Amino acid sequence: MADLKSICVYCGSNDGRLPEYKAAAERLGRDMAEAGIRLVYGGGSIGLMGVVARAVLAHGGVVTGIIPQFLKDREVMLREVSELIVTADMHERKRIMFERSDAFVALPGGIGTLEEVIEVMTWAQLEQHRKPILIVNIDGFWDPLVGQFQRMTKDGFLHKEFLGDHIALPVRFCDAADAVVATLQSAVAALPRDSLDRAPGVRVM
């Protein structure tokens, strides 16, 4: 049995149009802090990234921010984080975020959020890791993505059982931030302890 000690959160560098997005980020940050779970994220001070990080810190939690040098130079990082790791580029950033995390969460966001969560989903499909991935579908934000996955399955491009609520599946969806911590704790507890180690062969290009 493995323990959930850290969650990597992917989310927007903007707040988004709906107040529900910011509320979800605040709730997730609070729940993580109260559960003693470290936040691993992109290190930003703006948008939902800043909201979730500040919420963790405000409730006594620990935050690791991982930011590439060019974004640090733009001074968009959150200086108050517990630990700040500055990387040479985006590729190193993603590798370290993966290595430091026991599970992954996607809140609403833009292209960067989509790219990051799809990459860890790809690694899971290729059996390079078993860390759980949870997509938080606030106000149906991710419905088009679910539809695309269903089309991929229907048209023969996604063959493995990949999406759903079953505990053995690598990717799950929930509709509210208050379900995140409990869902991931259950998913991680069902895994062998060594499942959270970085799998041989995972190499971020």
Next item on the list: Could you list all residues from segment 124-145 that are over 14 Å from the mean Cα position of the chain (by Cα), surrounded by 19 or more Cβ atoms within 10 Å (Cβ to Cβ) and not in a loop (DSSP other than H, G, I, E, B)?
Entry: Ile138
Checklist line | Pairs, first more than 22 Å from Glu115 (Cα to Cα) in segment 13-27, second surrounded by 19 or more Cβ atoms within 10 Å (Cβ to Cβ) and of a type outside the set (Ser, Thr, Tyr), C-beta under 7 Å, six or more apart | finding: Glu20/Ile138; Glu26/Val51; Glu26/Ala55; Arg27/Ala177
Margin query: Considering only segment 82-99, I want to know if a residue exists there that is at pLDDT below 90, at negative phi and not in a loop (DSSP other than H, G, I, E, B).
Written below: no
Notebook entry, point to check: Among the residues of segment 102-119, is any of a type in the set (Val, Ile, Thr), buried (at least 20 other Cβ atoms within 10 Å of the Cβ), part of a helix (DSSP H, G or I) and in contact (Cβ under 8 Å) with a residue 40 or more places away in the chain?
Noted result: yes
Notebook entry, point to check: Does Leu57 satisfy the condition of being over 15 Å from the mean Cα position of the chain (by Cα), aliphatic (A, V, I, L, M) and at pLDDT 95 or above?
Noted result: yes
Margin query: Given the options Leu84, Leu4, Leu39, Leu48, name the one that is under 25 Å from Arg193 (Cβ atoms), among the aliphatic types (A, V, I, L, M), touching a residue at least 40 places away in the same chain (Cβ under 8 Å) and surrounded by 15 or more Cβ atoms within 10 Å (Cβ to Cβ).
Written below: Leu4
Check: Which one of Gly12, Gly60, Gly36 is under 26 Å from Ala187 (Cα atoms), touching a Ser or Thr at 6+ places or on another chain (Cβ under 8 Å) and assigned to a loop (DSSP other than H, G, I, E, B)?
Finding: Gly12
Check: Residue check, Gly61 against (1) free of Cβ contacts under 8 Å to residues at least 40 places away in the same chain; (2) buried (at least 21 other Cβ atoms within 10 Å of the Cβ); (3) over 23 Å from Ala2 (Cβ atoms), all met but one. Which one?
Finding: (3)
Notebook entry, point to check: Counting only residues that are within 14 Å of the chain's Cα centre (by Cα) and over 14 Å from Val105 (Cα atoms), how many does segment 17-43 have?
Noted result: 1
Next item on the list: Find the residue count for segment 151-205, including only residues that are part of a helix (DSSP H, G or I) and either of a type in the set (Asp, Glu) or at pLDDT 85 or above (or both).
Entry: 17
Margin query: For the condition over 14 Å from Tyr10 (Cβ atoms) and either small (Gly, Ala, Ser) or touching a helix residue (DSSP H, G or I) at 6+ places or on another chain (Cβ under 7 Å) (or both), what is the one hit in Ala103, Ala176?
Written below: Ala176
Notebook entry, point to check: If Ala24 passes every condition in (1) surrounded by 20 or more Cβ atoms within 10 Å (Cβ to Cβ); (2) over 17 Å from Asp139 (Cβ atoms) but one, which one does it miss?
Noted result: (2)
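The values are calculated or read from the model by the stated rules, or taken from the named source; none is laboratory data. Since we're looking at a predicted model, the values are computed, not measured. Glycine gets a Cβ as well: all are built from the backbone with ideal geometry, and neighbour counts include every protein chain shown.
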